[in-house]
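Asker: Structure provided below as structure tokens; questions to follow.
The values are calculated or read from the model by the stated rules, or taken from the named source; none is laboratory data. All values reported here derive from a predicted model rather than from experimental measurement. Don't worry about glycine lacking a Cβ; one is built from the backbone with ideal geometry, like all the others, and counts go over all protein chains shown.
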Amino acid sequence: METQMDLATLEERLKVGGWFEVSRDVWHNFYPKVPDDVIDLLRQYPPEKICTDCGAPLVATFTPQRAQMWEIMECQQCRLAVLVAARDRDMDVTLRDRGMPKRHRHARLGDFPATIIDAIPDDRGVYIHGPVGSGKTHLLCAVMRSEAVGKAIYTDPKGEYQLREFHRYPLLTSIQEVLHEVRGTYNTRGGDTEEGILEEVSDVPLLLLDDVGVEKPTEWALGMIYLIVDRRYRDNRRTFFTSNLSLAELAEHLNDRIASRITEMCTVIRLDGRDRRLKGGV
Ligand SMILES: Nc1ncnc2c1ncn2[C@@H]1O[C@H](COP(=O)(O)OP(=O)(O)O)[C@@H](O)[C@H]1O
Ligand SMILES: [Mg+2]
Ligand SMILES: [Zn+2]
């Protein structure tokens, strides 16, 4: 049996069959230490491999300290596609958890004219009002998605794509829902507390409150609404409201104290026109 590989023969075989053709024999002959001149020769013949899914050539890095010597990087194109899908799926799931109704998951800022999108300030809240079906919830959900920061894809020092979690999601809910949850804490032990629920809606950096003005304005409800709005007002936290009522009508329905806080916090955007639901959308 041959104990030493002759360099010339090895090169001949490398030229014809490449790295894969000789790798097993090299280890068989030189185990446990491959001589430096053989290593130098092997380094000149990187394995040529293509991705079995997309056909792109794969990058090979020479790592003589490893048994395989050549490390072949996973196809980055295909890895990117998998990561993008995972990132988007995760975003959709999280937005659902944070209150986005399923029927509005396709809402995007691009669905609205630039005049409306340009009217949304970066650092203040917005009061969106208009009749039923004018697209208020649609706009709220489009804003929610555009403001959400979930997983982001980046390239690590080795040149491989990776996912990193950032976690910044708005919360979409309604006064009715919040009051319902608070009421729920009165008759169950353990679980969420009233203050826990109020803190979440008071402290979230971007709160989206859908359909303000449909709740029954009991004294208790008004107290709760004022508490939430006032905490957010004092801490300068961005809040978006939607309503069928104008601010003047809201002042009437709730009270002046709440409406004037909202007026100070928000830019007003009016959506009008046809009911998209009746016309089946356009
Ligand atoms: N700009 C838009 N582009 C596409 N679909 C829209 C748009 N605005 C609203 N819609 C759709 O029309 C329907 C009614 O809009 P919605 O936002 O629910 O109205 P509102 O909350 O004002 O009652 C929904 O199905 C919504 O997805
Ligand atoms: Mg709505
Ligand atoms: Zn590929």
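Asker: Please verify whether D111 is away from ligand 3 (no atom under 16 Å from the Cβ) and surrounded by fewer than 13 Cβ atoms within 10 Å (Cβ to Cβ), treating the condition exactly as stated.
Answerer: The answer is no for D111.
Asker: Among (1) under 28 Å from D122 (Cα atoms); (2) in a helix (DSSP H, G or I), which single condition is L245 missing?
Answerer: Going through (1) under 28 Å from D122 (Cα atoms); (2) in a helix (DSSP H, G or I) one by one, L245 breaks only (2).
Asker: Return yes or no: is R231 surrounded by fewer than 17 Cβ atoms within 10 Å (Cβ to Cβ) and within 16 Å of ligand 1 (Cβ to nearest atom)?
Answerer: In short, no.
Asker: Another question, then. Residues that are over 25 Å from R145 (Cα atoms) and surrounded by 13 or more Cβ atoms within 10 Å (Cβ to Cβ): does segment 195-214 have at least one?
Answerer: No, there is no match, as no residue in segment 195-214 is over 25 Å from R145 (Cα atoms) and surrounded by 13 or more Cβ atoms within 10 Å (Cβ to Cβ).
Let's see how each residue does on (1) surrounded by fewer than 20 Cβ atoms within 10 Å (Cβ to Cβ); (2) more than 16 Å from ligand 3 (Cβ to nearest atom); (3) not hydroxyl-bearing (S, T, Y):
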site: H129; (1), (2), (3): no, yes, yes
site: T137; (1), (2), (3): no, yes, no
site: S146; (1), (2), (3): yes, yes, no
site: P157; (1), (2), (3): yes, yes, yes
site: L163; (1), (2), (3): yes, yes, yes
site: F166; (1), (2), (3): yes, yes, yes
site: L171; (1), (2), (3): yes, yes, yes
site: Q176; (1), (2), (3): yes, yes, yes
site: G190; (1), (2), (3): yes, yes, yes
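Asker: Select from segment 97-125 the residues that are in contact with a Leu (Cβ under 9 Å, 6 or more places away or on another chain) and either in a helix (DSSP H, G or I) or more than 30 Å from V82 (Cβ to Cβ) (or both) and list them in ascending order.
Answerer: H104, L109, D111, F112, I116, I117, I120, G125 - these are the residues of segment 97-125 that are in contact with a Leu (Cβ under 9 Å, 6 or more places away or on another chain) and either in a helix (DSSP H, G or I) or more than 30 Å from V82 (Cβ to Cβ) (or both).
Asker: Among the residues of segment 5-49, how many are in contact (Cβ under 8 Å) with a residue 24 or more places away in the chain, hydrophobic (A, V, I, L, M, F, W, C), in a helix (DSSP H, G or I) and closer than 17 Å to W70 by Cβ?
Answerer: The total comes to 10.
Asker: Further, regarding this structure: Which residue, of R87, R79, is at pLDDT 95 or above, surrounded by 14 or more Cβ atoms within 10 Å (Cβ to Cβ) and of a type outside the set (F, W, Y)?
Answerer: Selected residue: R79, the only one of R87, R79 that is at pLDDT 95 or above, surrounded by 14 or more Cβ atoms within 10 Å (Cβ to Cβ) and of a type outside the set (F, W, Y).
Listed here are the residues, each with its yes/no results for (1) free of Cβ contacts under 8 Å to residues at least 60 places away in the same chain; (2) of a type in the set (A, V, I, L, M).
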{"position": "A86", "(1), (2)": "no, yes"}
{"position": "L95", "(1), (2)": "no, yes"}
{"position": "A107", "(1), (2)": "yes, yes"}
{"position": "P113", "(1), (2)": "yes, no"}
{"position": "I117", "(1), (2)": "yes, yes"}
{"position": "I128", "(1), (2)": "no, yes"}
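Asker: Need the failing condition index for E74 against (1) in a loop (DSSP other than H, G, I, E, B); (2) loosely packed, with under 14 Cβ neighbours inside 10 Å; (3) modelled with pLDDT under 90, just the number.
Answerer: That leaves (3) as the condition not met.
Asker: Then there is this: Restricting to segment 50-71, name every residue that is in a loop (DSSP other than H, G, I, E, B), in contact with a strand residue (DSSP E or B) (Cβ under 8 Å, 6 or more places away or on another chain) and over 26 Å from A152 (Cβ atoms).
Answerer: T63, M69
Asker: Select from segment 248-273 the residues that are in a helix (DSSP H, G or I), buried (at least 17 other Cβ atoms within 10 Å of the Cβ) and touching a Phe, Trp or Tyr at 6+ places or on another chain (Cβ under 7 Å) and list them in ascending order.
Answerer: Scanning segment 248-273 gives I258, R261, I262, M265.
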